[in-house]
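The values are calculated or read from the model by the stated rules, or taken from the named source; none is laboratory data. From a predicted model like this one, the values you see are computed outputs, not experimental measurements. Virtual Cβ from ideal backbone geometry, glycine too; neighbours counted across all protein chains shown.
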């Protein structure tokens, strides 16, 4: 015999009762806390793991675009700071996460043509020459 009582649903973050509701969380605050925990779980990775993932993505992009890719991890020395700005890499920060930058975009991912830079620098650089971005960053910081 089935019960006529509504099903009791619990908030996935704080375990508060949500009677008869079709939601997962009791409040926007609980939803944001849960989202933050998921995001931290994804982004809490080591710098070495970050370097490996960046190289893997670069290899995939090179294959898709028909660009030469001959580098291995030993060709690019691992570092803790951006080659252009000197900013320390932080995998959890989207603008300070390491990224692979081709020095001459006409060449592919080959030894001597790539360097580790922070994603924020690469975002600013886009299609501009690197000396303009470096000059801009120096002007802003002084």
Inset, instruction - Please specify each residue of region 108-140 satisfying the condition of being in contact with a helix residue (DSSP H, G or I) (Cβ under 7 Å, 6 or more places away or on another chain) and either outside any helix (DSSP H, G or I) or outside the structural domain of residue 92 (by TED's automatic domain parsing) (or both). - result: 108, 109, 111
Legend entry - Boolean, residue 75 is within 20 Å of residue 48 (Cα to Cα), assigned by TED's automatic domain parsing to the domain that holds residue 56 and touching a helix residue (DSSP H, G or I) at 6+ places or on another chain (Cβ under 9 Å): no
Legend entry - All positions within region 95-107 that are in contact with a helix residue (DSSP H, G or I) (Cβ under 6 Å, 6 or more places away or on another chain) and either in a loop (DSSP other than H, G, I, E, B) or not assigned by TED's automatic domain parsing to the domain that holds residue 66 (or both): 95, 97
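Have a look at 58, 83, 34 and point out the one that is surrounded by 13 or more Cβ atoms within 10 Å (Cβ to Cβ), in contact with a strand residue (DSSP E or B) (Cβ under 9 Å, 6 or more places away or on another chain) and either in a helix (DSSP H, G or I) or touching a residue at least 60 places away in the same chain (Cβ under 8 Å) (or both).
Of the residues listed, the single one that is surrounded by 13 or more Cβ atoms within 10 Å (Cβ to Cβ), in contact with a strand residue (DSSP E or B) (Cβ under 9 Å, 6 or more places away or on another chain) and either in a helix (DSSP H, G or I) or touching a residue at least 60 places away in the same chain (Cβ under 8 Å) (or both) is 58.
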